[in-house]
Amino acid sequence: MRVLLTGASGFVGRYVLRALQHRGIEVVVVGRARMQASVTFVEADLLSITDFAPLQEKTQATHLLHLAWYAEHGKYWTSPLNLRWAEATTRLVEAFCAAGGQQVVLAGTCAEYDWTHGYCREDSTPLNPATFYGSAKDATRRLVRVVCDQHQVPCAWGRIFLPFGLGESASRLIPSLIEVFRGVRAPFGVNLMAYRDFLYASDVAEGFVRLLTQGACGAYNVCSGEPTRLVEVVTTVASLLGADPEPVLALATERPGEPPLLVGENLKLKMLGWRPALTLTQGLEHMLYGEKP
C-alpha cells in the first residue's frame, strides 16, 4: 500500500499522517509546503494543476486519501473556492482511478445533511445542505462516486462532524473557551442548550485510516455518536482550568439558524471495528496538558 495523502498540513490531516506512519504505511504527501523531512513529499498546488496524470505517475500511489479543501474558519461556508475544490477533487480522483488506483477515501462534512432532522442517520437522513460549503461537498461526493463506479474502484466518503484537538483554529469554540478561562480573551455567549457531536481529532484520523485499510465503500459518519450539551463543554473546560464558568454562562444566547441538535449516527464505522478512544473530557485534557505519547 502506498498512500497519496492531501491536506496533511491541515488540522485533521496532521493526525491522519501520524496514524498512517504509526502503522508503517508508506505515505506520499502532496501539498504546497513541505511539512517534515521524514515524509516523501511532492510539491503541488492542487487548484493550479491542469493535468493530474503526471502527479499520479510521480507518486505511484495505490490508495488516495484526500482531505485537502479550503477551511479558513468562518469563511469557508460561503467561499467561491468551494467550487474550485469540487472541480480539483473530481479531476484528481479521475486521474487516480484511470492510472489503476485501488482505493479512494475522501473527507465530507456533516453540513451535507438537512440539519432540521437533528440526528443524522447515515442511510436515511435527507441530504439537503443549507450552505455553499455543504452543497459543494455533497456535489463532489456525487461526482467522485460516479467516477469511481465507472472505474470499479471502491470509494469511501467520511462525513466529519465536530472535531477538536491540538492544532485547531484558535477561533473555534473550544480553543476560544480555553482562552476565556485562561484570562486572555473576553467572555462570549454560547447557545448552552444546544447539543453537538464532538470527536477528538486522533479518533477522526483513526476513522479515516480504518476506511482506507478496510477497503470501505459508501458514505460514513465520522463522529462520536454522543450528544453533548454546550453547557457541559463550557463547565468542563472551566473545571479543568480551575476557572469560574459563570462569565460565559451568564451570556447564554440562542443563535438564529443554528440547530438545537446536531449529532451523527456512527454504526457503519463501528461495524468496521472502529471505536472512539477518547471521551470529551479526555480529549480536553489532551488539549490542555499535552497529548500522551
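The values are calculated or read from the model by the stated rules, or taken from the named source; none is laboratory data. This one's a predicted model, so the numbers in the text were calculated from it and none came from an experiment. We place every Cβ from the backbone using ideal geometry, glycine too, and count neighbours over all the protein chains shown.
Look through the stretch 168-206, keep the residues that are assigned to a strand (DSSP E or B) and in contact with a Cys (Cβ under 9 Å, 6 or more places away or on another chain), and return whichever of them is farthest from THR116 (Cα to Cα).
Our first condition is that a residue be assigned to a strand (DSSP E or B); within the stretch 168-206, this holds for 195-196, 198-200.
Now drop any that are not in contact with a Cys (Cβ under 9 Å, 6 or more places away or on another chain), which leaves 198-199.
Numbers: PHE198: 19, LEU199: 21 Å.
Checked the stretch 168-206; the qualifying residue farthest from THR116 (Cα to Cα) is LEU199.
If the condition is being buried (at least 24 other Cβ atoms within 10 Å of the Cβ) and among the β-branched types (Val, Ile, Thr), then the stretch 204-222 contributes VAL204, VAL222. Residue count for the stretch 88-136 satisfying the condition of being surrounded by fewer than 22 Cβ atoms within 10 Å (Cβ to Cβ), more than 27 Å from GLY215 (Cβ to Cβ) and not β-branched (Val, Ile, Thr): 11. When the criteria are applied in full, GLY242 fails the requirement of being closer than 14 Å to ARG159 by Cα, small (Gly, Ala, Ser) and either out of contact with any Ser or Thr (no Cβ under 8 Å at 6 or more places or on another chain) or at pLDDT below 95 (or both). Annotation note: Cβ proximity below 6 Å between a residue of the stretch 47-61 that is in contact (Cβ under 8 Å) with a residue 12 or more places away in the chain and crowded, with 19+ Cβ neighbours inside 10 Å and a residue that is small (Gly, Ala, Ser) and not in a loop (DSSP other than H, G, I, E, B) (sequence gap 6+ or interchain) occurs for PHE52/ALA95; GLN56/ALA95.
Could you tell me whether ALA139 is over 15 Å from the mean Cα position of the chain (by Cα), surrounded by fewer than 22 Cβ atoms within 10 Å (Cβ to Cβ) and under 18 Å from THR6 (Cβ atoms)? Talk me through it step by step, then tell me what you get.
Numbers: over 15 Å from the mean Cα position of the chain (by Cα): yes; surrounded by fewer than 22 Cβ atoms within 10 Å (Cβ to Cβ): yes; under 18 Å from THR6 (Cβ atoms): no.
Spelling it out, it is not the case that ALA139 is over 15 Å from the mean Cα position of the chain (by Cα), surrounded by fewer than 22 Cβ atoms within 10 Å (Cβ to Cβ) and under 18 Å from THR6 (Cβ atoms).
MET287 meets all of the listed conditions (1) within 26 Å of ARG14 (Cβ to Cβ); (2) in contact with a Gly (Cβ under 8 Å, 6 or more places away or on another chain); (3) modelled with pLDDT under 95; (4) part of a loop (DSSP other than H, G, I, E, B) but one, namely (4).
Could you check the stretch 137-158 and list, in sequence order, the residues that are outside any helix (DSSP H, G or I) and out of contact with any Cys (no Cβ under 7 Å at 6 or more places or on another chain)? Let's see the steps before the verdict.
Start the filter on the stretch 137-158 by keeping residues that are outside any helix (DSSP H, G or I), which leaves 152-158.
The answer is GLN152, TRP157, GLY158.
Contact map, the stretch 1-27: residues that are more than 20 Å from ALA44 (Cα to Cα) and among the small types (Gly, Ala, Ser) paired with residues that are surrounded by 24 or more Cβ atoms within 10 Å (Cβ to Cβ) and at pLDDT 95 or above, Cβ distance under 9 Å, separation 6+ or inter-chain. Pairs shown: ALA19/ALA205; ALA19/PHE208. Selection over the stretch 241-260 of residues that are farther than 20 Å from GLY165 by Cβ and buried (at least 16 other Cβ atoms within 10 Å of the Cβ) gives a count of 5.
Please find, among ALA201, ALA238, the residue that is touching an Asp or Glu at 6+ places or on another chain (Cβ under 9 Å), among the aliphatic types (A, V, I, L, M) and surrounded by fewer than 23 Cβ atoms within 10 Å (Cβ to Cβ). Only one candidate passes the filter, namely ALA238. Scanning the stretch 28-46 for residues that are surrounded by 10 or more Cβ atoms within 10 Å (Cβ to Cβ) and in contact (Cβ under 8 Å) with a residue 24 or more places away in the chain, we see that the one that is farthest from CYS97 (Cα to Cα) is MET35.
Does ALA107 meet the test of being closer than 21 Å to LEU262 by Cβ, within 19 Å of the chain's Cα centre (by Cα), among the hydrophobic types (A, V, I, L, M, F, W, C) and part of a loop (DSSP other than H, G, I, E, B)? Criteria not met by ALA107. Note on the stretch 266-277: residues that are surrounded by fewer than 19 Cβ atoms within 10 Å (Cβ to Cβ), in a loop (DSSP other than H, G, I, E, B) and under 18 Å from the mean Cα position of the chain (by Cα) amount to 2.
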